[in-house]
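The next block holds one structure in the form of structure tokens; read it before the comments.
The values are calculated or read from the model by the stated rules, or taken from the named source; none is laboratory data. Keep in mind it's a predicted model, so treat the numbers as computed, not measured. Neighbour counts are summed over all protein chains in view; Cβ atoms, including those assigned to glycine, are modelled from backbone coordinates with ideal geometry. Note: areas computed on protein heavy atoms with side chains; ligands, DNA, RNA excluded. Shrake-Rupley method; radii C 1.70, N 1.55, O 1.52, S 1.80 Å.
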Amino acid sequence: MRQVYLFTALILGTLVLVGCRATTAPSLHEVQLFGAQDMRLTYAYGAPTTLMIGGREVSLAEGRSEDPLGVLTAALVDGEPYLREDLEGIEAPAQVKRIPLTTDLLVSVVGPVDEVIYYDGDSWLTLVERPPVGLSARVIPVPRIGRMRGIGQLTREEADAIASGLEARDRPFALYVLPEDSLIRRAVDGLEEHLLTGLYVDEELVVDSEAFKPAPRTVQWEVLAAGEGAVGIAETSYFLTLDRVDLIGLWTRGHGSESFAPPVPEVDFDREAVVAIFLGERPTSGYGIEIERVDIEGNDLFIDFLEVTPGEGSVETTTITSPWLMIRVLRGGINVAWFRDPRTEALVGVARALR
């Protein structure tokens, strides 16, 4: 009889434990993104249930999504990997400027920030941690291990997903980590845990030409080819080519819509480099690229260019085009090419050698 009682007690205890697990309250992590995009990504974790978030009832369920910002361990929110909502924008709490002829940067802080991080198109770098408001200083970037891991309350999976999403924009940016107490937290009932992380993504980076002398030197360059019928490139892309194999690949893309492509030009890659800009798809003809200036800073190229748009009253075809331009720069040993908008000096893209 004692054994029966013991067995019954074990069964009841197991049921109680299972019941506790099944009714564990869900957890939320709100990631507030400002700057390049003003939006809130809310990741949910826990067993299937329903919640009221921002006056809206949502359902949590198990499942996976192919969304690049999705997290495998998170629950689906109304069938999506996260709840996405628009946010009202805020002013940038800091500003980062490049200094010519050096890897140093200028950091100015005008609001509360926990950390200022810089992504140069290839590497993640820490500039300052917990800087005081009013700071204006020249800093030496320090390599950051793990990209966005350790920022705010991001999990490793969330940090990796968001970092990959930002890298995919293919341009340098500064990232300002906002203190938790500067963020607006909304009330959500029935949660075990409610985490909050705020980030400001600043893509309006400029070059402070007055911060260091001598000024960057201009270099000789010439247009190798241009056209409107590139293939295989849907969005604006930048390339730096340092060997003939890669040159042939870019040449083929640029002339891909032509029945007979012209011969690939000869380039002395010991003394020259080739840079290409592909604008991606445009709705009509009449678009193009105009190079205004090419500077050299050490082994870095800075290319100022403008996108040419159809003129008012001009007659253009309505065929979708894909404009591109390729230039030869009379300088070897180039490490990276930076692309700037000459009207604002903002960096809009970066290209490193394909090989």
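The table below gives the values:
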| read-out | value |
| --- | --- |
| Integer Hz, Karplus 6.51/-1.76/1.60 couplings in order for the stretch 320-328, x for Gly and Pro | 5, 10, 9, x, 8, 8, 10, 10, 9 |
| The chain, helix-only ellipticity at 222 nm - DSSP H runs n ≥ 4, -39,500 (n - 2.57), divided by all residues, nearest 500 | -4000 deg cm²/dmol |
| Sequence-separation-based contact order of the stretch 88-236, relative, with Cα cut under 8 Å and 6+ spacing, percent | 25 percent |
| The chain, accessible area per residue, ligands and nucleic acids excluded (1.4 Å, Å²) | 52 Å² |
| Rounded to the nearest 10 Å², the accessible area of Glu80 at probe 1.4 Å | 100 Å² |
| Candidate residues Arg343, Arg40: accessible-area rank, largest first, probe 1.4 Å | Arg343, Arg40 |
| DSSP beta bridge pairing in the chain, given as percent antiparallel to the nearest 5 | 80 percent |
| For Leu135, distant residues with modelled amide H under 5 Å away | Val109 |
| Solvent-accessible surface ranking, highest first, for Arg217, Arg149 at 1.4 angstrom | Arg217, Arg149 |
| Cβ charges +1 (Lys, Arg) and -1 (Asp, Glu), total dipole of the chain, debye | 1000 debye |
| Rounded to 10°, Cα long-axis angle of helix 244-254 versus longest principal axis of the chain | 80 degrees |
| Solvent accessible area, Å² - Leu279, 1.4 Å probe, full protein context | 0 Å² |
